[in-house]
Amino acid sequence: MNGSDGPSERTVQTAAQNAVRLVATMPRLVLEARRVAASVYHGLHGRRRAGPGENFWQYRRFVDGEPASRVDWRRSARDDHLYVREREWEAAHTIWIWPDRSPSMVFASPLVWETKLDRALLLTFALGELLVRAGERVGIPGIMRPTASRAVTERMSQTIIHAAEAPSSLPQAFAPGAREEVVLLGDFWSPTREVLGMIANLGGRGAGGHLVQIVDPAEETFPYAGRIEFLEPEGLGSITVGRAEAWRADFVERVALHRAAIRDECKRLGWSFVVHRTDRPASELLLALHARLGVSRDVLAGRRHTSPVSSSEEIAA
């Protein structure tokens, strides 16, 4: 340490290096996100259902008991039937997408080529692209107001690059509306109590939520043996282990307990929870998450009642 209350010189240097790396990799991530979003988009069908909105969908026969004000008299004048002009459902919701950009996300083991941060940002951009195409508004808590702009990917990337706030391991406190949704993308290796408190604060306001824990495969299997020095990426020092393999069983058990607690809290609030490994395709998670967001919007709007998905196995591997 440098003997003061401020960050150490090593921490400052690491932060600067991470910032430079982020700027350099952003164009690749944006292009890759668009490619993934396009591949997923082509596998989806439009919502195509009637409801409040501006775009015409279809005419249907008038049903006895409906208000006469719903009759489209111009269309009805063409034959002997009364018709109602239906519009496609376009009640835009706001979805807040929070990508964890803290130092712990800048990690990639030899088992993969992509860091957790790269994957989190790729998913953020691709999901934003899909949601805006579907008529939703997308924002990033604390740094970007909700937008339905077709240039959402560029806005997100530029906002993240120029964000003044220091990245934190958990999202800063904000107040999503009761009819809004939150998508959290991070490793969530913070103390269990802190993660549960964050979920309770956001979910307690009635917002829908989806928590995606992004992990490197090495964080799942702990493939270490012999004398290893482990560095804490957020400035808390290091620890040297003589026989790392002896820690494996305890590590796996602690991870399981940590996730079980998160899963239970998500289930209590009707949130979904999924573990996503960086050695799995991003499109796999994106497709499942997009479908889950569609179900949640129906529930929030009171159109459908369903049991919330709450385990990683039920959404994606």
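Label separation (E229 vs R243): 2.3 nm, computed from points 7 Å beyond Cα along the C-beta direction. The phi-based Karplus calculation (6.51 cos²θ - 1.76 cosθ + 1.60; θ = phi - 60°) puts the 3J(HN,Hα) values of the range 130-137 at 5, 5, 5, 4, 8, x, 8, 9 Hz, whole numbers, x for Gly and Pro.
A DSSP coil position with no more than 13 other Cβ atoms inside 10 Å describes the following trypsin sites (Lys or Arg not before Pro) in the range 123-183: R150. A Förster radius of 22 Å, combined with the Cβ-Cβ distance separating F222 from N201, puts the computed FRET efficiency at roughly 0.10. Subtracting the Cα-Cα distance of F251 and S283 from their residue separation scaled by 0.36 nm leaves 8.6 nm.
Each reported figure results from applying straightforward, stated rules to the coordinates on display, with no laboratory input. Computed from a predicted model, the values in this text were never measured in an experiment. Here the Cβ is made from the backbone with ideal geometry for all residues, glycine too, and neighbour counts use every protein chain on show.
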